[in-house]
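Undergrad: Can you read through this structure? Questions will come right after.
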Amino acid sequence: MGVLRDARKAVKIGRDLLANRRARAALSGRLAQLPPLEPNKYKIAVYFADGQVNMYQLRQWYKPLEVLGRTWPVVVLSRGATAATKLFEESPLPVAYVRTVSALERTLAEQDIRIVFYVNQNTKNFQMFRYGQRWHVFINHGESDKMYMTTNQFKAYDYSFIAGDAARARLDKVLWDYDFDKRAIPIGRPQADHYSGTLPYTPDERTVVLYAPTWEGDRSAAAYGSIASHGVEIVRALIATGTHRVIYRPHPRSGVVDHEYGAANREIIGMLAAANTADPAANHVHDTGSELGWQLSAADVAIVDISAMVYDRLASGKPLLITRPAHPEAQVDLTGYLSACEWLDAADAASVVAETDRVLHDPETVGRLDYWVRRYFGDPTPGAATERFHNAVGHLMAEWERYAALHAGDEPAQATASIPVAVPASSQAGQDDQSQETGEDDDDLR
């Protein structure tokens, strides 16, 4: 088994290396045609050292950062070839491909970067921390009660933008001697102000239910998927009413481990297709799109498994049900929202219509949801999170000005003093002499 595992790992490493080389070759041509970044324009940088596989962590910030950029221009610093290739295709924000340290330093020398945002805990973030005279700020890529949200790595950043009171309480248990009042700034979830996308149906009087299950998992402790235990009964009951519309958004890995799970997934897809054939006005949706936003906004009720979708939906402030894992060994953290959420047991899946009515109309249930929405994300009023996000950035910009004035007489930083500012970073990034490379020029190989 060890030999087979090593062989598979070797094949994956080789495949990743080939993908990187192809991406870098394609980038060379693209970079040669791009004009250089306008000097001294950008005040904020988003540092992304991951490859294309983790682009979802950055995508959810596109719209909030695009709006922020109207006040303080934002640029993405991409270290990986595959991610940079995709970013140049889709990012609404300007992009600089900074494969090598010298390319990174040249870009910093040419721009007036005062704040650097980080959306994950990639080990290459440490390479960026070497540059002072700017704030390094962790903004994360979601909110949940997972262990990832309580890592001591928060201390590595000057500041962290957190969602709300629940995040602070979670961190307070593990971060000793940490100045929360100064360094942990609550902003809610500004992404919720930008849920968008084209509806694949015309809204009508039907109650729209989003069913967004996760996959079956690769171990018992993480067996949170509900397609096989709940899903078929949920969808069958909803389409039978003639007054509900189902948006079915399964995890793309559904069925890769468990054949029965995959079969249940195909059965649900077939049921939705048959229901649409019988009643074209139903417009049930099997959603496989890459964009997540319109589904959360359009659904009157969401039914989700234990996953990031719980908190994505909670941020919208709208009703949701969470499927209780049927696997007896699935681990459930009952210290946060899951201690008081609206559970849907497998035995009650066929009664899902009554359950959706309850979370929509029962005053006690509605009030309980509002409490948890505010505990996790603060004021859910549209636009409130964006305002807090902009205020937080404005505060850090003012602090930068204050400290810049205090250190106005200091000697220039040596980190970029030897880099010729006249060389355009966007056209030269990735073309440095090989002797200047430090090993951090490719995507992580996993």
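Undergrad: If I filter region 279-303 down to residues being modelled with pLDDT of 95 or more and in a loop (DSSP other than H, G, I, E, B), which single residue comes out as nearest to Arg358 (Cα to Cα)?
TA: Asp300
Undergrad: Against the definition (over 30 Å from Asn40 (Cβ atoms), of a type in the set (S, T, N, Q), touching a Lys or Arg at 6+ places or on another chain (Cβ under 7 Å) and assigned by TED's automatic domain parsing to the domain that holds Thr241), how does Thr335 come out, yes or no? Steps first, answer last, please.
TA: Working: over 30 Å from Asn40 (Cβ atoms): yes; of a type in the set (S, T, N, Q): yes; touching a Lys or Arg at 6+ places or on another chain (Cβ under 7 Å): no; assigned by TED's automatic domain parsing to the domain that holds Thr241: yes.
In short, no.
Undergrad: Follow-up question, since we're still on this one. I'd like the full set of residues that are farther than 27 Å from Thr243 by Cβ and of a type in the set (A, V, I, L, M, F, W, C), limited to region 331-386.
TA: Val332, Leu334, Leu338, Ala340, Trp372, Phe377, Ala384, Ala385
Undergrad: Please name all residue pairs, on different chains or six or more residues apart, with Cβ atoms under 8 Å, provided the first residue is in region 113-139 and is more than 16 Å from Lys43 (Cα to Cα) and the second residue is basic (Lys, Arg).
TA: So the pair list comes out as Lys124/Arg79.
Undergrad: Mind listing whichever residues of region 79-108 are within 22 Å of Pro39 (Cβ to Cβ) and small (Gly, Ala, Ser)?
TA: The initial filter retains those residues of region 79-108 that are within 22 Å of Pro39 (Cβ to Cβ), namely 79, 84, 87-88, 91-108.
Correct list: Ala84, Ser91, Ala96, Ser102, Ala103.
Undergrad: Let me ask something else about it. Considering only residues that are of a type in the set (A, V, I, L, M, F, W, C) and touching a Gly at 6+ places or on another chain (Cβ under 9 Å), look in region 278-302 and name the one that is surrounded by the fewest Cβ atoms within 10 Å (Cβ to Cβ). Steps first, answer last, please.
TA: Of the residues in region 278-302, the ones of a type in the set (A, V, I, L, M, F, W, C) are 278, 281-282, 285, 292, 294, 296, 298-299, 301-302.
Checking the rest, the ones that are also touching a Gly at 6+ places or on another chain (Cβ under 9 Å) come to 282, 292, 294, 298.
Values: Ala282: 19, Leu292: 19, Trp294: 17, Ala298: 19.
Among residues in region 278-302 that are of a type in the set (A, V, I, L, M, F, W, C) and touching a Gly at 6+ places or on another chain (Cβ under 9 Å), the one surrounded by the fewest Cβ atoms within 10 Å (Cβ to Cβ) is Trp294.
To keep it simple, each residue is scored yes or no on (1) free of Cβ contacts under 8 Å to residues at least 60 places away in the same chain; (2) not β-branched (Val, Ile, Thr).
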| site | (1), (2) |
| --- | --- |
| Val208 | no, no |
| Tyr211 | no, yes |
| Gly225 | no, yes |
| Glu233 | no, yes |
| Arg236 | no, yes |
| Ala240 | yes, yes |
| Thr243 | yes, no |
| Tyr248 | yes, yes |
| His251 | yes, yes |
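Undergrad: With respect to the numbered conditions (1) part of a helix (DSSP H, G or I); (2) without any contact (Cβ under 8 Å) to a residue 24 or more places away in the chain, which one is the sole condition not fulfilled by Met397?
TA: (2)
Undergrad: Follow-up. With Pro186, Pro190 as the choices, which residue is in contact with a Ser or Thr (Cβ under 6 Å, 6 or more places away or on another chain) and farther than 29 Å from Ala350 by Cβ?
TA: Working: Pro186 fails: in contact with a Ser or Thr (Cβ under 6 Å, 6 or more places away or on another chain).
Every option except Pro190 fails the conditions.
Undergrad: So, in region 152-199, exactly how many residues are assigned to a loop (DSSP other than H, G, I, E, B), in contact with a Gly (Cβ under 9 Å, 6 or more places away or on another chain) and either at pLDDT 95 or above or not hydroxyl-bearing (Ser, Thr, Tyr) (or both)?
TA: Of the residues in that region, 6 qualify.
Undergrad: Looking at Ala408, Ala384, which one is at pLDDT 80 or above and over 32 Å from the mean Cα position of the chain (by Cα)? Give the steps one after another, and end with the answer.
TA: Numbers: Ala384 fails: over 32 Å from the mean Cα position of the chain (by Cα).
On inspection, the qualifying residue turns out to be Ala408.
Undergrad: Could you look through region 309-325, keep only residues that are outside any helix (DSSP H, G or I) and of a type outside the set (A, V, I, L, M, F, W, C), and pick out the one that is farthest from Gly383 (Cα to Cα)? Write out each step before concluding.
TA: Pass one, region 309-325, residues outside any helix (DSSP H, G or I): 315-325.
Within this subset, residues satisfying the condition of being of a type outside the set (A, V, I, L, M, F, W, C) are 316-319, 323-325.
Working: Ser316: 12, Gly317: 13, Lys318: 16, Pro319: 19, Thr323: 30, Arg324: 32, Pro325: 35 Å.
So the residue we want is Pro325.
Undergrad: I'm told Pro213 meets every condition in (1) in contact with a His (Cβ under 9 Å, 6 or more places away or on another chain); (2) surrounded by 20 or more Cβ atoms within 10 Å (Cβ to Cβ); (3) farther than 17 Å from Leu344 by Cα except one. Can you identify the failing condition by its number?
TA: Looking at each condition in turn, Pro213 falls short on (3).
Undergrad: Only one of (1) outside any helix (DSSP H, G or I); (2) more than 19 Å from the chain's Cα centre (by Cα) is not met by Ile306, so which one is it?
TA: So the condition that Ile306 fails would be (2).
The values are calculated or read from the model by the stated rules, or taken from the named source; none is laboratory data. What you see is a predicted model; the values in this text were computed from it and never measured. Counting neighbours? That spans all protein chains shown, and the Cβs are built from the backbone with ideal geometry, glycine included.
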